[in-house]
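Report on the structure given below.
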Amino acid sequence: MSEQLPVILVVEDAAPIRMLLKAGLTKAGYRVVEAANGREGIAAFSQHRPQLVLMDVNMPEMDGFESCRGIRALETAYRTPVVMLTGSDDIDSINQAFEAGATDFIAKPINLPLLLQRIRYALRDAEREATLRRVQQQQNNARKLAGLAYWELDPANGQIQWTSEAGKMLPWMEPLPLTPRSLSEMVVPGERKRLQDSIQHAVDNRLSFDIELQCLDAEQCEHVLRIVGQGDADKRVFGAVQDLTQQRSLERQANYLYYHDSVTGLPNRALFLQSLAEFG
């Protein structure tokens, strides 16, 4: 059961303070891991991956600043809350703590009720950040699976801004078009006006659009793009582009195989019955 409790790493060289913190934190419902100096703190962080770190500033072998930097070097995207324990008027240490990657500080001598409150706030904020990152990752995964690239039209300069991964998802469009006109020039001539009108109506009337267009790359190979957009009150247009070329090709192949013999390629009974229904 204790394994499910939030883990707090206490990095403090003074044994009496560690004992005080461990007793108070354990009573408050946390599981405590101890380290006597900054070097041990990095090792304990790597082993236990705590939800929060309490880090003293002045310690032998490695101080709290260096240890905090070492902990940050072990992380990738998520940043574990690190609360530094400093002297009551040590402004220089506080500034150095934030520069080293600390998220908060509390002055010594430690006021345990205040510390517990700060810990609760830090863990709450960290959980919110983790939830947000999970949601963003889920959205990114869904977007990649759908092959979506996002764009935004800025009316101030008439420029289209693309998200960073758009070029990877639409390599045949490189360089990516930066204006509505250059985007429409990639569309086959007969469908350009439909795209231009859709974007203009979105700008002028805050309308949305969802259209499928035939496009040509630099080598005149055909692609099918689904382009959606939504205008807002500031005359910006936010949209997404999805390359449906492969999907439409597979649909055509499936449709052909449904109505034709797979060996001879001749029309089959299904096509015959459909033709009778259409002309009957």
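Accessible area of Lys22 (1.4 Å probe, protein heavy atoms only, ligands and nucleic acids ignored): about 80 Å². For the chain, the dipole from Cβ point charges (+1 on Lys and Arg, -1 on Asp and Glu) about the Cα centre works out to 780 debye, to the nearest 20.
Each Lys or Arg adds one and each Asp or Glu takes one away; over the other residues whose Cβ falls under 14 Å from the Cβ of Asp232, this sums to -1. Rounded to a whole number, what % of the accessible area of segment 21-132 do carbon and sulfur atoms account for, probe 1.4 Å? Summing carbon and sulfur atoms, their accessible area is 52 percent of the total for segment 21-132.
Surface analysis of the chain yields an accessible area of 59 Å² per residue, using protein heavy atoms and a 1.4 Å probe. Cβ-Cβ distance of Leu207 and Ile110, R₀ of 51 Å, FRET efficiency by 1/(1 + (r/R0)^6): the value works out to about 0.30. DSSP assigns beta bridges within the chain; of those with both partners inside it, close to 60 percent run antiparallel.
For Thr26, the solvent-accessible surface with a 1.4 Å probe is about 80 Å², rounded to the nearest 10. Between Tyr121 and Ala218, the C-beta separation translates, for a Förster distance of 35 Å, into a calculated FRET efficiency of about 0.05. Histogrammed with a bin width of 5 Å, the alpha carbon distances of the chain distribute as 1, 5, 9, 11, 10, 7, 6, 6, 7, 8, 8, 7, 5, 4, 2, 2, 1, 1, 0, 0 percent, first bin at zero. Cross-link partners for Lys193 among the aspartates and glutamates, with Cα-Cα distance under 15 Å and sequence neighbours closer than 8 places in the same chain left out: Glu185, Asp210, Glu212. Residues His260, His48, sorted by accessible area with the largest first, give His48, His260 [1.4 Å probe; ligands and nucleic acids excluded]. Heavy-atom accessible area with a 1.4 Å probe sorts Tyr150, Tyr30, largest first, into Tyr150, Tyr30.
Each other residue within a Cβ distance under 11 Å of Leu54 adds +1 if Lys or Arg and -1 if Asp or Glu, for a net charge of -1. Shape verdict for segment 1-104, please, from the Cα gyration tensor: rounded (a/c under 1.5), prolate (a/b greater than b/c) or oblate. Judged from the Cα gyration tensor, segment 1-104 comes out oblate (a/c at least 1.5, b/c at or above a/b). Please quote Rg/Rh for segment 156-198 to two decimal places, taking the Kirkwood radius as Rh and restricting both calculations to Cα atoms. On the Cα set of segment 156-198, Rg over Rh gives 0.99. Helix 245-259 and the longest principal axis of the Cα set of the chain meet at an angle near 50°. Within the shell of other residues whose beta carbon sits under 13 angstrom from the beta carbon of Leu195, the net charge comes to 0, with Lys and Arg scored +1 and Asp and Glu -1. Computed from the Cβ-Cβ distance with R0 of 35 Å, the FRET efficiency linking Ala233 to Ser182 stands at 0.85.
The values are calculated or read from the model by the stated rules, or taken from the named source; none is laboratory data. The structure presented is a predicted model; accordingly, all values stated were derived computationally and were not measured. As a convention, Cβ positions derive from the backbone with ideal geometry for all residues, glycine included, and neighbour counts pool all protein chains shown. Ligands, DNA and RNA are excluded from the accessible area calculation, which covers all protein heavy atoms including side chains. Shrake-Rupley method; radii C 1.70, N 1.55, O 1.52, S 1.80 Å.
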